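One structure is given below, encoded as structure tokens.
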Amino acid sequence: MAYDEGPDNGPPVVFIHSLGTRRQDWNAVLPGFASERQVFAPDLRGHGDSGRVPGGYRFTEYAKDIVPWLQEIVQEPAALVGHSLGGVVATVIAANYPDLVTSVVAADPPLFTKRRTDDSEGDLTRYRDRFKRARDLAASGMTEDELFDTLQERSPDRPGYISRALARNLVDLDPDVFTLALSGGEQIDFEPDDLIGRLTRPMLIIQADPANGSAVTDDDALWATGKNQLVSRLLIEGSAHEIHHSHRDEFVRATRDFINGG
């Protein structure tokens, strides 16, 4: 498993990326923590420079790699910060291995889909077209420059640096990471009631703006905070699902305050 780490400037904090990205997705955020923490950022299986595991991309399977890595590399309880899929992975680890965790910050995680009944299928398919396009591009065999050109042609108004980052993600990605997400949510192999109910470490859910298609709804957040008193919620108005990009300063400030006990 590939990872980056910073100087030992304090207690560890581990940043876990989302589906389809890689550890460098956190590069703009890490300086806000590195002066007072030792920062770590791994590539999840199938992503970036980490190994591929065909058919092994259910949510809890990602956690199976992180746990021994925390034990062997980080070697002390850490704050876990995860975006989307990474937020679910962090929650799974905190629920199952609390001795490895001091606190959890989950940025707009898809934790609650199984709790929904009326709109569960709509929620599962919300990103399906985007996932399918990403899988097809990752499987295309195109070079990074070719992927960049294709992405720019499809979305000419997108800033070039975003298309470049997406191209770098895709060229190093196992297309199979999207397979289960495209098959009706089979990657969601956990029960939210169980995970949230068993948490014994403080958790902050940072919710994207529902008007921008957040993965966490207001009902989700209220349910979670009512289910476990260790769970708190922060809604960042106007934010996109990628909160740490669209509202980076607010994300860094809220996360730093929370993991420092503020």
Can you name the condition, by its number, that A63 falls short on among (1) among the aliphatic types (A, V, I, L, M); (2) part of a helix (DSSP H, G or I); (3) touching a residue at least 60 places away in the same chain (Cβ under 8 Å)?
-> (3)
Tell me, which residue of segment 132-167 that is among the polar types (S, T, N, Q) and in contact with a helix residue (DSSP H, G or I) (Cβ under 6 Å, 6 or more places away or on another chain) is nearest to S246 (Cα to Cα)?
-> S163
Within segment 60-67, identify whether any single residue is at pLDDT below 95, touching an Asp or Glu at 6+ places or on another chain (Cβ under 7 Å) and surrounded by fewer than 21 Cβ atoms within 10 Å (Cβ to Cβ), and answer yes or no.
-> yes
Only one residue in T200, T255 is surrounded by fewer than 16 Cβ atoms within 10 Å (Cβ to Cβ), more than 17 Å from P110 (Cβ to Cβ) and in contact (Cβ under 8 Å) with a residue 12 or more places away in the chain. Which one?
-> T200
Within segment 212-235, track down each residue that is aliphatic (A, V, I, L, M), in contact (Cβ under 8 Å) with a residue 12 or more places away in the chain and assigned to a helix (DSSP H, G or I).
-> A221, A224
Could you please find all residues in segment 144-183 being under 20 Å from D43 (Cβ atoms), of a type in the set (K, R) and at pLDDT below 90?
-> R164
Filter segment 161-170 down to the residues that are out of contact with any Leu (no Cβ under 6 Å at 6 or more places or on another chain) and in contact (Cβ under 8 Å) with a residue 12 or more places away in the chain, then identify the one that is surrounded by the most Cβ atoms within 10 Å (Cβ to Cβ).
-> N169
Does segment 236-247 contain any residue that is within 18 Å of the chain's Cα centre (by Cα), surrounded by fewer than 18 Cβ atoms within 10 Å (Cβ to Cβ), of a type outside the set (D, E, K, R) and assigned to a loop (DSSP other than H, G, I, E, B)?
-> yes
Pick from segment 203-234, criterion hydrophobic (A, V, I, L, M, F, W, C) and more than 16 Å from the chain's Cα centre (by Cα), ranking: surrounded by the most Cβ atoms within 10 Å (Cβ to Cβ) | A224
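Yes/no per residue for (1) at pLDDT below 95; (2) within 29 Å of K132 (Cα to Cα); (3) assigned to a strand (DSSP E or B); (4) touching a helix residue (DSSP H, G or I) at 6+ places or on another chain (Cβ under 8 Å):
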{"position": "N9", "(1), (2), (3), (4)": "no, no, no, yes"}
{"position": "A41", "(1), (2), (3), (4)": "no, yes, yes, yes"}
{"position": "G55", "(1), (2), (3), (4)": "yes, yes, no, yes"}
{"position": "V81", "(1), (2), (3), (4)": "no, yes, yes, yes"}
{"position": "D99", "(1), (2), (3), (4)": "no, no, no, no"}
{"position": "A106", "(1), (2), (3), (4)": "no, yes, yes, yes"}
{"position": "K114", "(1), (2), (3), (4)": "yes, yes, no, yes"}
Sort out for me the helices (runs of 4 or more DSSP H) sitting completely within segment 127-208 that have 1 or more residues that are β-branched (V, I, T).
-> 144-154, 160-171, 192-198
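The values are calculated or read from the model by the stated rules, or taken from the named source; none is laboratory data. Fair warning: this is a prediction, and the values are worked out from it, not measured in the lab. Note that we place each Cβ from the backbone using ideal geometry, even for glycine, and neighbour counts take in every protein chain shown.
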